[in-house]
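Worksheet: the structure to be examined is printed underneath.
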Amino acid sequence: MTNAVSLQSVEMRFGATTAVKSMSLDVRSGEFFSILGPSGCGKTTLLRMVSGFLQPSSGKILINGQDMTHVPANRRPTAMIFQSLALFPLMPVWENIAFGLEVRGVSKAQRRREADRLLELIALPGYGDRMPHELSGGQRQRVAIARALAIEPQVLLLDEPLSALDLKLRQHMRAELRELQKRTGVTFIYITHDQSEALAMSDRIAVMNAGRLQQVGAPIDLYTKPATSFVAEFVGENNIVSGTVVDTFDDYVVLEGIHGRFIGRRGAVLQRNQKARLYVRPEALTLDAEGEDNKLTVVSKRFDFEGSFATAHTVLHHEQSPLNMQVTIPHKKLHQVPEIGSSFTTGFSKQDAVVLAHD
């Protein structure tokens, strides 16, 4: 598979501040690729360099194998959708969609035909003569996408376009964006700080922090095989146990600390006596700890009912450092939920935990 975008040791500096630090990254043609990270990590800066709105301080940017590092934004085969959408309020929908074609000198009749075709594509047939203020938030979002697609970009860049929508509409638009990307075959590069959004839509995800690339992989790999402690703590919920490596065998690590001795998968190169952390997802903990590799006795503090499952917030008491742990309880086992203030033994398999160096 060819690469739609290749970043080669790209760096972006603003005076004494380095927003993106020597990053190399390949985005494959035709994939839905997300860049995930907290606010200020450099992901929007990265997107603006790909689009041509920012010139990198060093490194190369290739689009479909062509060096675009010094090519201006209006000559790159990309289109960008901003968080604000930036629809023209005094233009009807079809003119908004066809604006880029008008700039290119396409006739009015041809522009209208193309706008109507794209309205069919985004499931808004017959909406061409409406004004933007007559549309819902989700409809305006689709119009912005159609406008970007009108100029036939090879790469579509989306900068947190769903952040202003309410939760249900955001969830609905996730599915629509994913389906639209598959129908068009256009490479999508999607910026978000919302991990659930990235996990739900993406073929692959790049996780960034403080201007650096932490890990690139399929959503399930980031969730089950985090490469760094940052990825383990940022992507999804995790229970964290700190300690020192006391033994290693096969692909496993034995970690010992003030809360006990635990075994987990080796997630990185680790040596004996090295400080490390064990990460285990709340859903990996069981109410029946018999037969599990790791056991611990905790006290139930709070119980959150969330419909199809519940979360038991517990604490492992220790005079120096109490350890808070979350246990996800599936719907069919809700009758086993421990009473508040009661103690119970929970456990998890060594396969379901990962041990990483403490950054």
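The values are calculated or read from the model by the stated rules, or taken from the named source; none is laboratory data. All values reported here derive from a predicted model rather than from experimental measurement. Ideal geometry is used to build each Cβ from the backbone, glycine not excepted, and the neighbour counts take in all protein chains shown.
Of all the criteria given as (1) buried (at least 21 other Cβ atoms within 10 Å of the Cβ); (2) assigned by TED's automatic domain parsing to the domain that holds HIS317; (3) out of contact with any His (no Cβ under 8 Å at 6 or more places or on another chain), the one not satisfied by VAL241 is (3). If a residue must be out of contact with any strand residue (DSSP E or B) (no Cβ under 6 Å at 6 or more places or on another chain) and more than 20 Å from SER39 (Cα to Cα), how many such residues does the stretch 180-199 contain? Looking only at that region, the number is 5.
When GLU283 is tested against (1) surrounded by fewer than 17 Cβ atoms within 10 Å (Cβ to Cβ); (2) closer than 23 Å to PHE230 by Cβ, exactly one condition is not met: (1). Each residue in the stretch 251-274 was checked for being surrounded by fewer than 17 Cβ atoms within 10 Å (Cβ to Cβ) and over 18 Å from ALA227 (Cα atoms), and 6 pass. Among the residues of the stretch 219-234, is there at least one that is in a strand (DSSP E or B), surrounded by fewer than 17 Cβ atoms within 10 Å (Cβ to Cβ) and of a type in the set (D, E, K, R)? Looking for residues that are in a strand (DSSP E or B), surrounded by fewer than 17 Cβ atoms within 10 Å (Cβ to Cβ) and of a type in the set (D, E, K, R), one finds none in the stretch 219-234, hence no. Return yes when LEU54 is in the same structural domain as LEU157 (by TED's automatic domain parsing), surrounded by 14 or more Cβ atoms within 10 Å (Cβ to Cβ), touching a helix residue (DSSP H, G or I) at 6+ places or on another chain (Cβ under 6 Å) and under 29 Å from SER196 (Cα atoms) and no when it is not. The answer is yes for LEU54. Being in the same structural domain as ARG178 (by TED's automatic domain parsing) and not polar (S, T, N, Q) holds for only one residue in ALA289, ALA210, ALA268, and it is ALA210. Considering the stretch 113-172, and only residues there that are in contact (Cβ under 8 Å) with a residue 12 or more places away in the chain, of a type in the set (D, E, K, R) and outside any loop (DSSP other than H, G, I, E, B), the residue that is surrounded by the most Cβ atoms within 10 Å (Cβ to Cβ) turns out to be ARG147.
Within the bounds of the stretch 27-37, is there any residue that is loosely packed, with under 14 Cβ neighbours inside 10 Å and touching a His at 6+ places or on another chain (Cβ under 8 Å)? No. In the stretch 202-211, the count of residues that are among the acidic types (Asp, Glu), touching an Asp or Glu at 6+ places or on another chain (Cβ under 7 Å) and buried (at least 16 other Cβ atoms within 10 Å of the Cβ) is one or more.
The criterion of being closer than 21 Å to SER349 by Cβ and hydrophobic (A, V, I, L, M, F, W, C) holds for PHE249. Against the numbered list (1) buried (at least 17 other Cβ atoms within 10 Å of the Cβ); (2) of a type in the set (A, V, I, L, M); (3) out of contact with any helix residue (DSSP H, G or I) (no Cβ under 6 Å at 6 or more places or on another chain); (4) not in a strand (DSSP E or B), VAL216 comes up short only at (4). Any residue at all in the stretch 319-329 that's touching a strand residue (DSSP E or B) at 6+ places or on another chain (Cβ under 8 Å) and among the small types (Gly, Ala, Ser)? Scanning the stretch 319-329 turns up no residue that is touching a strand residue (DSSP E or B) at 6+ places or on another chain (Cβ under 8 Å) and among the small types (Gly, Ala, Ser).
Inspect all residues belonging to the stretch 239-256 and state whether any of them is touching a Phe, Trp or Tyr at 6+ places or on another chain (Cβ under 7 Å) and in a loop (DSSP other than H, G, I, E, B). Checked against the condition, which is being touching a Phe, Trp or Tyr at 6+ places or on another chain (Cβ under 7 Å) and in a loop (DSSP other than H, G, I, E, B), the stretch 239-256 yields no hits at all. For the stretch 225-249, residues that are polar (S, T, N, Q) and in contact (Cβ under 8 Å) with a residue 60 or more places away in the chain total 4.
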